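Novice: Before we start, here is the structure in question, set down as structure tokens.
The values are calculated or read from the model by the stated rules, or taken from the named source; none is laboratory data. Note that this is a predicted model, so its numbers are computed, not measured. Glycine also receives a Cβ, built like all others from the backbone with ideal geometry; neighbour counts cover every protein chain displayed.
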Amino acid sequence: MSFKRLFSRSLSADPERLHFAAHSHHLWPDASYEGHMQAWEDAARLADRKWDRVMDEVWPAAQREVADELGTRQPDAIVFAPNTHELLVRLFTSVSQRSPIQVLTSDGEFHSARRQFARWEESGAAVVECIPVEPFETFSERFLSAAQSGGHHFIFVSQVLFGSGRIFDHVGELALLGHPDGPWVVIDGYHSFMALDRPFGGSAAQTAFYLGGGYKYAMSGEGCAFLHAPPGFAPRPPDTGWYAEFEDLTLPPGCIGYATDARRFLGATFDPSALYRFTAVRRMLADNGLTTGHISRHCHDLQARLLAAIGDTQLANAELLNPLDRAPHARFLAFRSRDSQCWYAGLKAQNCITDLRGDVLRIGFGIYQDDSDVDLLIRLLGELK
């Protein structure tokens, strides 16, 4: 089955490109273009009044879509920002008045979080305990055990590890530790949002934060990061902008107002076009009956097709960090080898786009690929030296 018709603009922009980096920069579907143009048209037609449409219609629609995808049924617990780093900083500055803040995280977090925690530790603002992700088979249990040992103010872990595609599968148990007075549990869901079905439902939403965004599997591009903020946590975050009191601009001068929902974490003026793109993409998926489960099965079949045929390619000599099994799986395959950089460069020279993280070659899958694309990738892999 092929869904390439939904991506005609991106695919026709470079017809010879073979794009297997959906986990890195997901190609944009045609619907995102239509949403982006709608944002422009609303700005031209409504001018200053566009913010009434953005905050009264587009924003709530995007909140509902995120809450539905997460499985939380709490749209008012969703707040948007240009990137997750901005939201991470707001969380960290809100968690505790104590210093240094005791942080528990892993050595497999994405660069933005890794760098920021390291800098906070360097400045004396944090003491960081970092749990190794390897051996992968025991990571979830080891991390949960460390969290349960107590003494932490801020617990941060990725649901899907960006470097290996391995899954932290104790989100529910970890969330039980969360409390408004600390510790705070923060799940980085950037590689699980719209890649794993209902990744954050149930009781976890009552006691844990969740970060994600539209750049990858939500197919919506930059500028559409979001935070799920459980009720009762940080009613007055210290690092916010004037939009945090957007719901009541009639406050007397000198008052510091806060929204009572997740908008209490808002910053200041932002580009709303990403929200238009996101809601347009979600409508496209619904119109075509494409749930996250459907897309995951399509990608799983493509992954299995690739793995069944790599025996005669250079990838046969690599370590597959996230083998396929019957459990939920990342949307990419991670191959570790000292030759990964050469393979990445060789594929790129053939206009076949994958992704490289250190010595790990990541090959990502999406609904703009079909069997013929995998077969071509297999042929190119077979030509690598």
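Condition check ((1) touching a Phe, Trp or Tyr at 6+ places or on another chain (Cβ under 6 Å); (2) among the acidic types (Asp, Glu); (3) at positive phi) across all residues:
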site	(1), (2), (3)
Arg198	no, no, yes
Gln206	no, no, no
Tyr210	yes, no, no
Gly214	yes, no, no
Ser220	yes, no, no
Trp242	no, no, no
Pro253	no, no, no
Ile256	no, no, no
Thr260	no, no, no
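Novice: Working only within region 308-347, note down all residues that are free of Cβ contacts under 8 Å to residues at least 24 places away in the same chain, farther than 26 Å from Ile295 by Cβ and out of contact with any strand residue (DSSP E or B) (no Cβ under 9 Å at 6 or more places or on another chain).
Specialist: Once the filter is applied, which keeps residues that are free of Cβ contacts under 8 Å to residues at least 24 places away in the same chain, farther than 26 Å from Ile295 by Cβ and out of contact with any strand residue (DSSP E or B) (no Cβ under 9 Å at 6 or more places or on another chain), region 308-347 yields Gly311, Ala316, Asn317, Arg338.
Novice: Here's a follow-up. Any idea which of Arg236, Arg282, Arg198 is basic (Lys, Arg) and either outside any loop (DSSP other than H, G, I, E, B) or touching a strand residue (DSSP E or B) at 6+ places or on another chain (Cβ under 6 Å) (or both)?
Specialist: Testing whether each residue is basic (Lys, Arg) and either outside any loop (DSSP other than H, G, I, E, B) or touching a strand residue (DSSP E or B) at 6+ places or on another chain (Cβ under 6 Å) (or both) leaves just Arg282.
Novice: Under 7 Å between Cβ atoms, which residue pairs at least 6 apart in sequence (or on different chains) link something in region 27-41 that is closer than 16 Å to Asp287 by Cβ with a partner that is surrounded by fewer than 18 Cβ atoms within 10 Å (Cβ to Cβ)?
Specialist: Matching pairs, first to second residue: Asp30/Ser8; Asp30/Arg9; Ala31/Arg283; Tyr33/Arg9.
Novice: Which ones in region 191-236 are among the hydroxyl-bearing types (Ser, Thr, Tyr) and surrounded by fewer than 24 Cβ atoms within 10 Å (Cβ to Cβ)?
Specialist: Initially, region 191-236 is screened for residues among the hydroxyl-bearing types (Ser, Thr, Tyr), giving 192, 203, 207, 210, 215, 217, 220.
Residues satisfying the conditions are Ser203, Thr207, Tyr215.
Novice: Let me ask something else about it. Out of Asp14, Asp48, I need the residue that is surrounded by fewer than 16 Cβ atoms within 10 Å (Cβ to Cβ), under 26 Å from Tyr243 (Cβ atoms) and more than 19 Å from the chain's Cα centre (by Cα). Which one?
Specialist: Result of the check over Asp14, Asp48: Asp48.
Okay, residues lined up against (1) among the hydrophobic types (A, V, I, L, M, F, W, C); (2) touching a helix residue (DSSP H, G or I) at 6+ places or on another chain (Cβ under 6 Å); (3) not in a helix (DSSP H, G or I):
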residue	(1), (2), (3)
Asp301	no, no, no
Leu306	yes, yes, no
Arg326	no, no, yes
Tyr344	no, no, no
Asp373	no, no, no
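Novice: Among the numbered criteria (1) of a type outside the set (D, E, K, R); (2) out of contact with any Asp or Glu (no Cβ under 8 Å at 6 or more places or on another chain); (3) crowded, with 20+ Cβ neighbours inside 10 Å, which one does Ile378 miss?
Specialist: All conditions are met except number (3).
Novice: Something else now. Among the residues in region 250-271, are any surrounded by fewer than 19 Cβ atoms within 10 Å (Cβ to Cβ), of a type in the set (A, V, I, L, M) and without any contact (Cβ under 8 Å) to a residue 12 or more places away in the chain?
Specialist: Yes; the residues of region 250-271 include at least one that is surrounded by fewer than 19 Cβ atoms within 10 Å (Cβ to Cβ), of a type in the set (A, V, I, L, M) and without any contact (Cβ under 8 Å) to a residue 12 or more places away in the chain.
Novice: Okay, moving on. Please tell me if Val186 is in the same structural domain as Thr93 (by TED's automatic domain parsing), under 20 Å from Pro230 (Cβ atoms) and in contact (Cβ under 8 Å) with a residue 12 or more places away in the chain.
Specialist: Against the criterion (in the same structural domain as Thr93 (by TED's automatic domain parsing), under 20 Å from Pro230 (Cβ atoms) and in contact (Cβ under 8 Å) with a residue 12 or more places away in the chain), Val186 qualifies.
Novice: Checking Leu306 against (1) within 20 Å of the chain's Cα centre (by Cα); (2) more than 17 Å from Arg166 (Cα to Cα), which single condition isn't satisfied?
Specialist: The failed condition is (1).
Novice: Hey, another quick one. Name the residues in region 325-375 that are modelled with pLDDT of 95 or more, surrounded by fewer than 14 Cβ atoms within 10 Å (Cβ to Cβ) and hydrophobic (A, V, I, L, M, F, W, C), would you?
Specialist: Those that are modelled with pLDDT of 95 or more, surrounded by fewer than 14 Cβ atoms within 10 Å (Cβ to Cβ) and hydrophobic (A, V, I, L, M, F, W, C): Ala345, Ala349.
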